[in-house]
Amino acid sequence: MQREVSRAIKGTWILTIASLFSELLSAIYRIPLQNIVGDRGYFIYQQVYPIYGIFSVLALSGLPVVISKTFAQQDNIFAKHNLLKKTFFILSISCVVITALLWLSSRYLAFMMGDPKLYAEVRIVALTFLLVPFEASLRGYFQSNLIMTPSAISQVAEQFLRIIIIIGSAILFGAGVLNVYQMGTLANAGAFIGGLLAVAILIWTFVKNRPQEKKANADETIKLEHGLVLEVVLIVVFTGITIFYQFIDSFSTVRLLLHSGMSLNLAEIQKGIFDRGQPLLQLGIVLSLSFVSTIMPQLKETNRLKQNKSTIQKMVRVCLWLSVAETAGLIALMPQVNTMLFTNASGSRTLSIYMLSIVIVSFINLLIAVTSGDDEKNLHKLILFGMSLAIKVAFNIILVPKFGIAGSAMSTILSEGVILFGILTIYNFDREFLSLDKKFTSNLIKTGLIMAIVVKIVVKFIAAYVSMSRFNSVWINLIAIPIGAIIYLRLTKRWHMLSKDEWEILPMGKYITKFMKIED
């Protein structure tokens, strides 16, 4: 059991580090992209990004997570391979239909997004869905055995090639070779080309490691738990929850800004500024998704839940601890982070509001992962999701004309809050099953607030003596981030928020426990 726990933790960090590296690349490429093409060009690229985001959920996180749990329930390798064939077939039919629908409706979707010339971008992104059957089924297969390396390598390779193409398209635009729409189309084509590389890596790994021969009496019977379809839908929509909100923003924010009297050019620039928050948000949430990817296979049998409960509780606490640190740190450093990445501080207040999504969505993802096997209440959670989308639309209509892009951020936070409060209500605010006692929760909030306040004071003090520039923002962040980290770690130790085992879940955890003299 201890060996399996160790593999689970190791697998978590392999996938987490790969995901963090991918998201770091995703954040970095936006710097030259936005700098070269400007906020309007960035808007042109980002406007169809939620469609790619849905592909990403299906191929990278949502489907592999729930598929891995189903694979883990099978009795032997031959049953797994039989399930793999059927999963691939079902996904193939579904994704061909999705691709066809997106392709045929591309002109209408572009019109609804506020710019009919975006239809070519919609079509090129639609092609990525043809890769979902390969990526989702194979990643789920590997992750069911807690083998995260193939998923990690393919994810990094896919992102790296995609980013090369995106930066190349930006350079060609800057040189006057491409217009802004051609740039957007070529940049979004990177998702399909990068995906082809990921598929090649996954297939090569699978073929290399598959059994050479099948036993004559091998049992290929597939075991499927009751309520699987509902669970699949549940995991997919909740792991991609932020993408669905961004999808709503793509169709509503610009139109609502225009309705408030803003010009089209300024409205597109404002939406581009709002979209700066997406890579930061993704970078924060990827931690919780990596923990969820490891938790799900361990829920493969109900009678093993008690054995796995201790590991799951540790992962939940550590994940929330990290999410609070990220959220508090980004809010405290927002003007400097914004300027460092995107040349100026435009929209910093909006982005600060938006960053609250990190801890809310991380908590939601963990709750959904741990309770996804509860067939009786899964339908209630999906209803909550539907309600939150309706609330997002309603609050956008109310808040965007009054507060601009800050209204979009506020409506997102309120919608996510509805889901979180609803799930906690469904389970009667029972903190015991997640080991989130009142003392841990209150200390976690206090630690985040104290760290954020101290970092903000440090930043304000330094900023009073230097001008706001990208160079100055970089070294201010280099000073403030270590200060914040030390405060957060010291307060965590002082208030005994994490056990020694939980400290060791962190990357280089054993070295941290020795350095900070953490004892049982």
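The values are calculated or read from the model by the stated rules, or taken from the named source; none is laboratory data. Note that this is a predicted model, so its numbers are computed, not measured. Positions of Cβ are backbone-derived with ideal geometry, glycine not excepted, and every protein chain shown enters the neighbour counts. Heavy atoms of the whole protein, side chains included, go into the accessibility calculation; ligands, DNA and RNA do not. Shrake-Rupley method; radii C 1.70, N 1.55, O 1.52, S 1.80 Å.
For the stretch 144-174, enumerate the residues that are crowded, with 24+ Cβ neighbours inside 10 Å, in contact with a Lys or Arg (Cβ under 9 Å, 6 or more places away or on another chain) and of a type in the set (S, T, N, Q).
S151, S154, Q155
Among the residues of the stretch 372-392, write down those that are within 30 Å of M334 (Cα to Cα) and open to solvent by 10 Å² or more (accessible area, probe 1.4 Å).
First, the residues of the stretch 372-392 that are within 30 Å of M334 (Cα to Cα): 385, 388-392.
Correct list: F385, L389, A390, I391.
Given the options G417, G407, name the one that is at pLDDT 90 or above, open to solvent by 10 Å² or more (accessible area, probe 1.4 Å) and either small (G, A, S) or in contact with a helix residue (DSSP H, G or I) (Cβ under 6 Å, 6 or more places away or on another chain) (or both). Break it down stepwise before answering.
Details: G407 fails: open to solvent by 10 Å² or more (accessible area, probe 1.4 Å).
Of the residues listed, the single one that is at pLDDT 90 or above, open to solvent by 10 Å² or more (accessible area, probe 1.4 Å) and either small (G, A, S) or in contact with a helix residue (DSSP H, G or I) (Cβ under 6 Å, 6 or more places away or on another chain) (or both) is G417.
Can you name the residue in the stretch 421-443 that is assigned to a helix (DSSP H, G or I) and open to solvent by less than 30 Å² (accessible area, probe 1.4 Å) and is also modelled with the lowest pLDDT among such residues? If you could, list the steps in order and put the result at the bottom.
Taking the stretch 421-443 first, the residues assigned to a helix (DSSP H, G or I) are 421-426, 432-434, 438-443.
Filter again for open to solvent by less than 30 Å² (accessible area, probe 1.4 Å), leaving 422-423, 434, 440, 443.
On the way: G422: 92, I423: 88, L434: 63, F440: 88, N443: 93.
Checking each candidate, the answer is L434.
Out of I358, I419, report the one residue that is hydrophobic (A, V, I, L, M, F, W, C), touching an Asp or Glu at 6+ places or on another chain (Cβ under 8 Å) and closer than 30 Å to L256 by Cβ. Don't jump to the end; show me each part of the working.
On the way: I419 fails: touching an Asp or Glu at 6+ places or on another chain (Cβ under 8 Å).
Within the list I358, I419, the selection yields I358.
Taking the stretch 483-514 only, how many residues are farther than 15 Å from L322 by Cα and open to solvent by 50 Å² or more (accessible area, probe 1.4 Å)?
Number of matching residues: 9.
Could you check the stretch 353-371 and list, in sequence order, the residues that are open to solvent by less than 10 Å² (accessible area, probe 1.4 Å), at pLDDT 90 or above and either out of contact with any Gly (no Cβ under 7 Å at 6 or more places or on another chain) or part of a loop (DSSP other than H, G, I, E, B) (or both)?
Result: M355, S357, V361.
Looking at the stretch 332-352 only, could you name the residues that are β-branched (V, I, T) and surrounded by fewer than 21 Cβ atoms within 10 Å (Cβ to Cβ)? Break it down into steps so the answer makes sense when it comes.
Kept after step one, since they are β-branched (V, I, T), are these residues of the stretch 332-352: 337, 339, 343, 350.
Selection gives T343 alone.
For the stretch 218-269, give me the residue count where each residue is at pLDDT 80 or above, acidic (D, E) and open to solvent by 30 Å² or more (accessible area, probe 1.4 Å).
0
Scan the stretch 86-137 for residues that are in contact with a Lys or Arg (Cβ under 9 Å, 6 or more places away or on another chain) and open to solvent by 10 Å² or more (accessible area, probe 1.4 Å) and jot them down.
Residues satisfying the conditions are L102, W103, M112, G114, P116, Y119.
At negative phi and touching a residue at least 12 places away in the same chain (Cβ under 8 Å): which single residue out of I481, I486 fits that description? If you could, list the steps in order and put the result at the bottom.
On the way: I486 fails: touching a residue at least 12 places away in the same chain (Cβ under 8 Å).
Testing whether each residue is at negative phi and touching a residue at least 12 places away in the same chain (Cβ under 8 Å) leaves just I481.
Identify the single condition in (1) in contact with a Gly (Cβ under 9 Å, 6 or more places away or on another chain); (2) more than 17 Å from T185 (Cβ to Cβ); (3) without any contact (Cβ under 8 Å) to a residue 24 or more places away in the chain that S169 does not satisfy, given that it satisfies every other one.
Exception for S169: condition (2).
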